[in-house]
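Read the structure below first, then the notes.
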Amino acid sequence: MILYDFAVALKCRMPYNLCFTGETMIAFLSGTLLEKQANVVIIDVNGVGYEVTIPLSTFYELGEEGSPVQLRIYTHVREDALQLFGFKTEREKQLYLKLISVQGIGAKSGITMLSGMSADEIIVAVRTDNLARLTSIPGVGKKTAERLVIELRDKLNDLSSSGTGQSSLPTASANVPVDEVYDDALSALTNLGYQRNAAEKALKQAVQDGTEMSVQKLLRKSLQLLAKG
């Protein structure tokens with residue numbers, strides 16, 4: 001069994017005691033934030049770097065590179081890949097799992113939804129049949145939005161109240177050049193599926209509105225503008 005586990009670990013490039021085998025999977029990572037981008041982080045866990053895809057809602061809550069980090073993990077296994085998706089809270093992870101249980105919402109689409117709206121906004125949109133709000137997110141068409149409402153409307157009661165309110169955004173480092181902040185925000189929006197022209201228009205409007213030049217605040221303002229169409 002140890003040799004088998006080690007062989008599987010070599011295939012997925014993880015320590016054999018943490019690798020996916022059967023129904024066992026990585027569910028939690030605790031370590032040091034080695035690198036972070038708006039959509040992806042690398043976490044150093046005892047010398048092993050794990051690349052984890054995250055939604056913007058989690059990105060907003062992260063500290064600076066080099067700081068401690070803990071993420072709830074969903075391990076997505078395909079024939080040709082093993083991907084890790086990370087979330088700051090268990091509530092966020094559970095909402096994600098409910099989203100991807102709906103036909104038409106894949107692993108990446110679920111991350112895009114949690115990036116385009118907060119957990120509370122998604123829950124309210126589903127429970128109030130707000131199809132216009134749901135379809136404002138890239139990759140979510142009318143039929144998918146309708147399935148979300150039908151399948152999840154009565155399944156979100158246990159997730160309806162966060163009890164924490166709106167979280168504060170971390171401030172940007174004064175050493176980060178303005179152009180780099182803008183480019184990082186634009187890259188994050190296009191990676192989420194927004195058309196480049198629409199993303200650039202929203203970012204420019206956010207800047208003109210006097211939004212502070214940090215990736216976090218530019219993204220949040222731009223997403224609000226994109227949601228309004």
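Readers should treat all values here as calculations from the given coordinates under stated rules, not as data from a laboratory. These numbers come from a predicted model, not from an experiment. Using ideal geometry, Cβ is built from the backbone for each residue, glycine included, and neighbour counts are taken over all protein chains shown.
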Exercise. For the range 103-143, list residues with backbone N below 17 Å from a point placed 7 Å from the Cα of Asp158 toward its Cβ?
Worked result: 123
For this session: Sum up the charges of everything whose Cβ sits under 14 Å from the Cβ of Ser109, counting Lys and Arg as +1 and Asp and Glu as -1, but leave Ser109 out.
Result: +4
Exercise. Considering only the other residues whose Cβ falls under 14 Å of the Cβ of Ser187, what net charge follows from Lys and Arg at +1 and Asp and Glu at -1?
Worked result: -3
For this session: Using θ = phi - 60° and the Karplus relation 6.51 cos²θ - 1.76 cosθ + 1.60, list the HN-Hα couplings for the range 80-91 in order, rounded to whole Hz, with x at every Gly or Pro.
Result: 10, 6, 10, 10, 10, 10, x, 9, 6, 10, 5, 4
Seminar exercise, completed: Which residues qualify? For Val40, with a placed amide H closer than 5 Å and at least 5 residues away or on another chain, they are Ile54
